[in-house]
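For reference, the structure is listed below as structure tokens.
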Amino acid sequence: GAVVSQHPSWVICKSGTSVKIECRSLDFQATTMFWYRQFPKQSLMLMATSNEGSKATYEQGVEKDKFLINHASLTLSTLTVTSAHPEDSSFYICSAIPAGNSGANVLTFGAGSRLTVL
Amino acid sequence: AQSVTQLGSHVSVSEGALVLLRCNYSSSVPPYLFWYVQYPNQGLQLLLKYTTGATLVKGINGFEAEFKKSETSFHLTKPSAHMSDAAEYFCAVSWGNAGNMLTFGGGTRLMVKP
């Protein structure tokens, strides 16, 4: 079945640094990927929709200059948290839809990346 | 605004007992319905989904859920809980079957007592 890999699974960084998280579709091509944020003991909140070859679409309230998304190939989307601060500490999860599909019923989720900013 | 409500943020059952996790959604428009499971520090794994057809949906690990349009519900059940079922469960609803239209419930943490 479809597999989505996230790297790193854990990252700790100092306040003010930037952190890049990768989301890869391992056995399929994905023109669309999604990035979510999950605070402890809370549900997932969609941050942005990543479109291959074009700009990401951000949800209301998500700072696009803070959370840079690049979807340069059909198998890779990256989320860069710029100038990270402790309040950016969270669990970041991506999901992907196989190329040629558009529905939520074919989403595959990655295992998540836990970011801790000291 | 459309919403998804999971009644009970924590549910505790004994091993071997019935598991019932509740999910209600707020729209009369036929949605696509999903249940996901999340183990600690992991992503989401799809348990089951309803798109069209039979309203009783069977998923992995012995779970099933029934779409009841009149009650706008999609409750998740399992006849007999195992210790390995202890996890966080999320109900999610998509109106329009677009990937960016997936709305998650608040989650229910299932605890299984020996």
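Structure notes:
- Top-ranked residue of segment A:25-46 - restricted to ones that are more than 12 Å from chain B (Cβ to nearest Cβ) and of a type outside the set (A, V, I, L, M, F, W, C), ranked as surrounded by the fewest Cβ atoms within 10 Å (Cβ to Cβ): A:D27
- Filter result for A:E22 (open to solvent by 20 Å² or more (accessible area, probe 1.4 Å), at pLDDT below 90, among the acidic types (D, E) and under 14 Å from the mean Cα position of the chain (by Cα)): no
- Taking segment A:47-85 as the range and being buried (at least 20 other Cβ atoms within 10 Å of the Cβ), assigned to a loop (DSSP other than H, G, I, E, B) and within 14 Å of chain B (Cβ to nearest Cβ) as the test, only A:A56 passes.
- Candidates B:A81, B:A65: the one that is assigned to a loop (DSSP other than H, G, I, E, B) and either surrounded by 20 or more Cβ atoms within 10 Å (Cβ to Cβ) or among the charged types (D, E, K, R) (or both) is B:A81.
- Residue in segment B:55-62 that is in contact with a Pro (Cβ under 7 Å, 6 or more places away or on another chain), open to solvent by 80 Å² or more (accessible area, probe 1.4 Å) and over 26 Å from A:A111 (Cβ atoms) present: no
- Residue count for segment B:1-39, restricted to those that are among the aliphatic types (A, V, I, L, M), in contact with a Lys or Arg (Cβ under 6 Å, 6 or more places away or on another chain) and open to solvent by 70 Å² or more (accessible area, probe 1.4 Å): 1
- Look at segment B:26-47: where a residue is under 13 Å from B:Q2 (Cβ atoms) and a partner is charged (D, E, K, R), sitting 6+ places away or on another chain with Cβ atoms under 8 Å, you get B:P30/B:K69; B:Y32/B:K49; B:L33/B:K49.
The values are calculated or read from the model by the stated rules, or taken from the named source; none is laboratory data. Everything numeric here is computed off the predicted structure, so don't read it as measured data. Neighbour counts are summed over all protein chains in view; Cβ atoms, including those assigned to glycine, are modelled from backbone coordinates with ideal geometry. SASA here: full protein model, heavy atoms, side chains in, ligands and nucleic acids out. Shrake-Rupley method; radii C 1.70, N 1.55, O 1.52, S 1.80 Å.
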